[in-house]
Structures are given as C-alpha cells and as structure tokens.
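The values are calculated or read from the model by the stated rules, or taken from the named source; none is laboratory data. These figures come from a predicted structure and were not determined experimentally. Don't worry about glycine lacking a Cβ; one is built from the backbone with ideal geometry, like all the others, and counts go over all protein chains shown. SASA here: full protein model, heavy atoms, side chains in, ligands and nucleic acids out. Shrake-Rupley method; radii C 1.70, N 1.55, O 1.52, S 1.80 Å.
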Amino acid sequence: SGKTLNDYKEELKKYRARFIAEEPIYGATSLSSLRRFMSDEEIFSQDMDMWLFHSKGNPALSQELMMYMIHFAERVLGEFKTPQDRYFKFQYFMYEWLRVIMEQARREKWFCSGVVFWMLNDCWTAASGWALIDYFNKPKLGYYSFKRCAKSIVGSIDFENGKYTLYISNDSLTDCQVDVTLYKVKNGLQQKVNSFALNAPANECVAQSLNISLQPDEVLIAELESPVNDCRAFYKHEDLNLQKVENSVEYSVENGQVVLVAKAYVHAVVLEGEAIFEDNGFSMLVGEKKIVPYRYLQDALNQGINVETYTLS
C-alpha cells in the first residue's frame, strides 16, 4: 500500500519452498529492441497504450501485467522522475527482484533444492514480460542478474533478528577459501570496514555473522574472491531508490570491449546497444576497472554503444 514496498525483501521470505516449481518476474525489453517496433514517442510517452498493446496479459488477473510492473517498479526503486527514469526502472526492477529471489533460494541450499525459472525467451515482440531474452535474442537486464546468481559460488547478505549474516553458497564440487572484503557506502563515499577468509566446502552453504551496524541510508557490500569465481553481494535496508548520475564512470569502446573505470560508487551500470554484453546492470566500486566484452547482433542496424550509470539516492 502507499508509495513504497520497502519491506519487499522481508515479504519475499514468506514464499519459501522445498522446490520452487514456477518462478516468474517481469521486466522491460532493451531499448535497441524496443525501437524495432515502437517509436521513441511511444516508449517515453505518458500514455502507456503501446506498452500495454505490446505486453503479455493474463485474463485471469484483475489488472494487466503491465500495471503490476508499473506498481512494483516505482515502489521498489523510487518514484518515476522522468519517462526515461521510468523506463530504466522497468528494466532494473527485474534485475533486483530476481536477485532477491535467487539469493534466498541459494542460501537455503538443501532446504530449497531447486528453482524452475519462468521463462527464457520471447516468441513475439514484447515490450515487457516474463522472458529473460527478448524476441531479437537480446538479453534483458534480468538475464545478467540470473547469470550472477547462478555462479558456482554466490554470496548474499541477510538481516534477521537484528543481525547481519553473510552466506556463501558453493555449488561447485571443490572445497575452496573465499577472501571477503566488506565495505560501507553512503552518499557515494566508500569505506572498507573489514576483511577475512572463509572456508567454503563443496556443495554446501556456509554462514558468517557480521559484527556490524548499518544506517538506513548506508549500503553494505561484500566482495568475494575465490579460485572458482568472484562475486559481489550487498544489503540495503528498505527500498532501493535509484537515480541517474553523470560523470561517475569513464569509459571507452574498442576492439569488442567496453573498458570502464569508476570515479565514484555506482550501483548500476547499464550498457545499451545492438550487442550481447558479457555483463550488464553491475555495480562498480570507487577506482574499480572493469572490462566487458561484447559482440554485435548478427542483424545489428546500429553499432553504437551507450553507457548510463545510476546511484542510490
């Protein structure tokens, strides 16, 4: 109710299951794909008629699915400030919701033994819907969240009974040591607060209590490094209010790679173009350098790459 769903992480804990037989979440198609069947005027219009026309529906529901996406995206990620901001939140809502669902399932390993995610790809030119990959073979932002959550080793941070706990789920068949570095971020400023090593047994999930406090406007970040794979987890209380920020990342596009260097903490980097990127929607720490390989779609009409950055407000 109201203008926020700031308890969404806690609300989703009510839907624990031994096996999650169908897990859907909706999100908007990439801009380059939308422009193949919608004009910019239609994409960024206050009138949502063309979005409704090009989005999946379900006659059994009291509202169009598109209306649920509008409702949830604004209440989880903050009030829509512009049509462009609204569109970003249509994309990123899928990324965030999927992250929370998948992290919960992974840290409940052996209580929860699996998830059937619905669904992989679209069979028509949908503006929004359940699919992780659109009709033109372009991954949505949610695809990259799923990819991160499906790594052999994934970390997550939970808050229960007044305490923060770091979970490391190791689905590989290799015992390994995970090096953990904790950071706090507030107003774009980043502070290292602790570092330690944890043993992650093969095919198990381990939990480590964190002796730490966190203000409502602070973000707790856990950077995980291991021989199997690296991972970054975060926790923020209440909603995840995001806003576009300029000049926070320097980048260049060359030889099939986007090379980025962060000048401030950025919670979401969105790469756009008629290309399939190795990663997207990711965060960047202050001073971090990241190289993202990409390849253009076979039928790409435009070979430009655009980078947008968003931070927590």
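Kindly provide the set of residues from the range 1-35 that are free of Cβ contacts under 8 Å to residues at least 40 places away in the same chain and either in contact with a strand residue (DSSP E or B) (Cβ under 8 Å, 6 or more places away or on another chain) or of a type in the set (Ser, Thr, Tyr) (or both), ordered by number.
1, 15, listed by residue number.
Tell me which residues, restricted to the range 178-210, are closer than 14 Å to residue 221 by Cβ, among the small types (Gly, Ala, Ser) and touching a residue at least 24 places away in the same chain (Cβ under 8 Å).
188
Kindly indicate the residue of the range 278-313 that is under 16 Å from the mean Cα position of the chain (by Cα) and among the polar types (S, T, N, Q) and also nearest to residue 35 (Cα to Cα) among those meeting that condition.
280
Go through the range 131-177 and give me each residue that's in contact (Cβ under 8 Å) with a residue 24 or more places away in the chain and of a type in the set (Asp, Glu).
Across the range 131-177, the qualifying residues are 134, 158, 171, 175.
Being surrounded by 15 or more Cβ atoms within 10 Å (Cβ to Cβ), among the aromatic types (Phe, Trp, Tyr) and more than 17 Å from residue 270 (Cα to Cα): is that true of residue 90 here?
no
Consider residue 262 carefully, then state whether it is in contact (Cβ under 8 Å) with a residue 40 or more places away in the chain and either buried (at least 16 other Cβ atoms within 10 Å of the Cβ) or farther than 23 Å from residue 94 by Cβ (or both).
Answer is no for this residue.
With the range 1-87 as the region, which helices (runs of 4 or more DSSP H) entirely inside it contain at least 1 residues that are small (Gly, Ala, Ser), out of contact with any Gly (no Cβ under 8 Å at 6 or more places or on another chain) and open to solvent by less than 60 Å² (accessible area, probe 1.4 Å)?
31-34, 65-77
So for the range 141-158 (the condition being closer than 25 Å to residue 273 by Cα, in a strand (DSSP E or B) and polar (S, T, N, Q)), does at least one residue qualify?
No: the range 141-158 contains no residue that is closer than 25 Å to residue 273 by Cα, in a strand (DSSP E or B) and polar (S, T, N, Q).
Can you tell me which of 225, 250 is within 21 Å of residue 88 (Cβ to Cβ) and more than 16 Å from the chain's Cα centre (by Cα)?
250
Could you list, in sequence order, all residues of the range 107-120 that are under 22 Å from residue 27 (Cα atoms) and either buried (at least 16 other Cβ atoms within 10 Å of the Cβ) or acidic (Asp, Glu) (or both)?
Residues satisfying the conditions are 115, 117.
Could you list, in sequence order, the residues of the range 254-274 that are in a strand (DSSP E or B) and either at pLDDT below 95 or out of contact with any helix residue (DSSP H, G or I) (no Cβ under 8 Å at 6 or more places or on another chain) (or both)?
254, 257, 258, 259, 260, 261, 262, 266, 269, 271
Pull out all pairs, ordered by first then second residue, where Cβ-Cβ is under 8 Å, the residues are six or more apart or on different chains, the first lies in the range 66-78 and is in contact (Cβ under 8 Å) with a residue 24 or more places away in the chain and of a type in the set (Phe, Trp, Tyr), and the second is open to solvent by less than 10 Å² (accessible area, probe 1.4 Å) and part of a helix (DSSP H, G or I).
Every condition considered, the pairs that remain are 72/93.
For residues in the range 292-313 being part of a strand (DSSP E or B) and without any contact (Cβ under 8 Å) to a residue 40 or more places away in the chain, which is nearest to residue 219 (Cα to Cα)?
Among those that are part of a strand (DSSP E or B) and without any contact (Cβ under 8 Å) to a residue 40 or more places away in the chain, it is 292.
Please tell me if residue 85 is modelled with pLDDT of 95 or more and farther than 30 Å from residue 197 by Cα.
It is true that residue 85 is modelled with pLDDT of 95 or more and farther than 30 Å from residue 197 by Cα.
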